[in-house]
Amino acid sequence: QIKLVESGGGLVQSGGSLTLSCAASMSLIDYDTVAWSRQAPGKEREGISFINRISTETRYADSVKGRFTISRDNDKNMAYLQMNNLKPEDTGVYYCGIRKFDYILGEKDMDWWGKGTLVTVSS
């Protein structure tokens, strides 16, 4: 059983940047997919990015493309989401998830999800 803990959320002004971290309780080398999703107030949960095991493939939702970058370090048990040029509509709770096979952006069926970290972007 693996545990994921997100961190790095907080309050930031529009146009600012944040880096979210996802710390796993063991190595991520056995997990083909790491994904990030978010849920804005009053909206459905949205899949925003994923990355494959050896970091050769990444995908992004149109809403974050060009502004967010996903990465992972399997040996350090870490994954990240670098968020630049943040907008008020980026406000929400951000979650990381992992699973042992490939992924279609937006899928919710992961082996494990973290509990999330809150990002608030002010105007």
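Here D30 passes the criteria (1) of a type in the set (D, E, K, R); (2) open to solvent by 60 Å² or more (accessible area, probe 1.4 Å); (3) not in a loop (DSSP other than H, G, I, E, B) except the one numbered (3). Residues that are touching a residue at least 24 places away in the same chain (Cβ under 8 Å) and over 19 Å from L118 (Cβ atoms) were ranked within the range 37-59; the one that is surrounded by the most Cβ atoms within 10 Å (Cβ to Cβ) is F50. Scanning the range 16-51 for residues that are aromatic (F, W, Y) and touching an Asp or Glu at 6+ places or on another chain (Cβ under 8 Å) yields one hit, Y31.
The values are calculated or read from the model by the stated rules, or taken from the named source; none is laboratory data. Computed from a prediction, not measured in an experiment: that's the story for all the values here. Don't worry about glycine lacking a Cβ; one is built from the backbone with ideal geometry, like all the others, and counts go over all protein chains shown. What goes into the accessible areas is simple: the full protein's heavy atoms, side chains included, and nothing from ligands, DNA or RNA. Shrake-Rupley method; radii C 1.70, N 1.55, O 1.52, S 1.80 Å.
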